[in-house]
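Visitor: One structure is given below, represented as structure tokens, and several questions about it will come after.
The values are calculated or read from the model by the stated rules, or taken from the named source; none is laboratory data. Just so you know, these numbers come straight off a predicted model, no measurement behind them. Because the Cβ atoms are built from the backbone with ideal geometry, glycine has one as well, and the counts that use them run over all protein chains shown.
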Amino acid sequence: MDMENKVVWITGASSGIGEALAVEMGRRGAALVLSSRRRDRLIEVGGKCGIADEKLFLLPLDLADIDSLPEKAKMAETAFGRIDILINNAGVSQRSKVSETEITVIKKIIDVNFLSGVVLTKEVLTGMLARRAGHIVAVSSIAAKFSTPLRAAYCASKHALHGFYNALRAEVKEGGVDVTLIVPAFVKTGISVNALLGDGSPYGAMDKNQERGISPGECARKILHSIEKKKREVYVGMDFKARTALFVSSFSPVLFERIITRARIT
């Protein structure tokens, strides 16, 4: 896929899927706006992208700081005059029971995983509709398709993503803007290590399913293919376990609930 004349904004670009996307997009010649909280990591990732400095703009931001995001979006658009592709990739997971989770932690998960992407989408959408061209990509999760214990806020945020972006797609399709939802199951990233406990501290351990997942690079290439083909929704990293869970939860929700109630989910 030739990205030579495209401007791509990637959030969560400092590691995992976001880092791999930045490298793959850079190899294809895109101009990049890279965002995450850590500028030092963005500098490292930018150095891996193989593009000239004038095609790279580093934009540190905190997605939990919702009020700061409209100004950040203006800075992103100003860098190269437009945003052709927005990839809302950043996210934070959870490992705690609802009864043991502080409201501030739930709010942070919702803000980072859902509301921040809504704000950035709204900010760049005006220009896309004016040009009658653009692509919004939201990296969701298999947790958008069914819910499991210890991840209530995370599941809620991902369910919300699908409700919002499916509605948005219907609104903007005739305006020349495409919307793609990416649904990863198991990708070997640090998302479980960085998942939040009830008090907001990190979980600090790699899930076994995550450990066995596909590489971020493979995931990124599948996402690029999805963008090229303008897919509406694409599953990635689906092993037998994930496919079975999706099937059972879809066709027998009661059975699925019984299974996850009895299972030792961590």
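Visitor: Can you go through 254, 236, 193, 248 and tell me which one is among the aliphatic types (A, V, I, L, M) and touching a Cys at 6+ places or on another chain (Cβ under 8 Å)?
Guide: Matching residue, one of 254, 236, 193, 248: 236.
Visitor: When segment 198-217 is examined, which residues are found to be crowded, with 16+ Cβ neighbours inside 10 Å, modelled with pLDDT of 95 or more and not small (Gly, Ala, Ser)?
Guide: Within segment 198-217, 203, 214, 216 meet the criteria.
Visitor: Please work out which one of (1) surrounded by fewer than 17 Cβ atoms within 10 Å (Cβ to Cβ); (2) touching a helix residue (DSSP H, G or I) at 6+ places or on another chain (Cβ under 7 Å); (3) of a type outside the set (Phe, Trp, Tyr) is the condition residue 153 fails and give its number.
Guide: Status for residue 153: all satisfied but (1).
Visitor: Name every residue in segment 232-266 that is more than 22 Å from residue 96 (Cα to Cα) and acidic (Asp, Glu), in order of residue number.
Guide: Residues satisfying the conditions are 233, 239.
Visitor: Further question: Please enumerate the residues belonging to segment 32-52 that are in contact (Cβ under 8 Å) with a residue 40 or more places away in the chain and in a loop (DSSP other than H, G, I, E, B).
Guide: 36
Visitor: Further question on the same structure: Test residue 106 against the criterion of being touching a residue at least 24 places away in the same chain (Cβ under 8 Å) and either over 19 Å from the mean Cα position of the chain (by Cα) or part of a helix (DSSP H, G or I) (or both), and give yes or no.
Guide: Yes, satisfied.
Visitor: Still on this structure, please answer the following. Inside segment 74-103, can you point out the residues that are under 13 Å from the mean Cα position of the chain (by Cα) and of a type in the set (A, V, I, L, M)?
Guide: Matches in segment 74-103: 86, 87, 90, 92.
Visitor: Still on this structure, please answer the following. Could you grab the pairs with beta carbons closer than 7 Å, sequence gap of 6+ or different chains, first residue in segment 247-266 and farther than 19 Å from residue 185 by Cβ, second one in a helix (DSSP H, G or I) and modelled with pLDDT of 90 or more?
Guide: Within 7 Å, the pairs are 255/248.
Visitor: Next up: Return the only residue of 97, 158, 188, 145 being under 21 Å from residue 207 (Cα atoms), in contact (Cβ under 8 Å) with a residue 24 or more places away in the chain and buried (at least 23 other Cβ atoms within 10 Å of the Cβ).
Guide: Among 97, 158, 188, 145, only 158 is under 21 Å from residue 207 (Cα atoms), in contact (Cβ under 8 Å) with a residue 24 or more places away in the chain and buried (at least 23 other Cβ atoms within 10 Å of the Cβ).
Visitor: So which pairs qualify, if the first residue must be in segment 15-31 and over 16 Å from residue 41 (Cα atoms), the second must be among the acidic types (Asp, Glu), the Cβ gap must be under 7 Å, and the two must be at least 6 apart or on different chains?
Guide: 28/2; 29/2; 29/4
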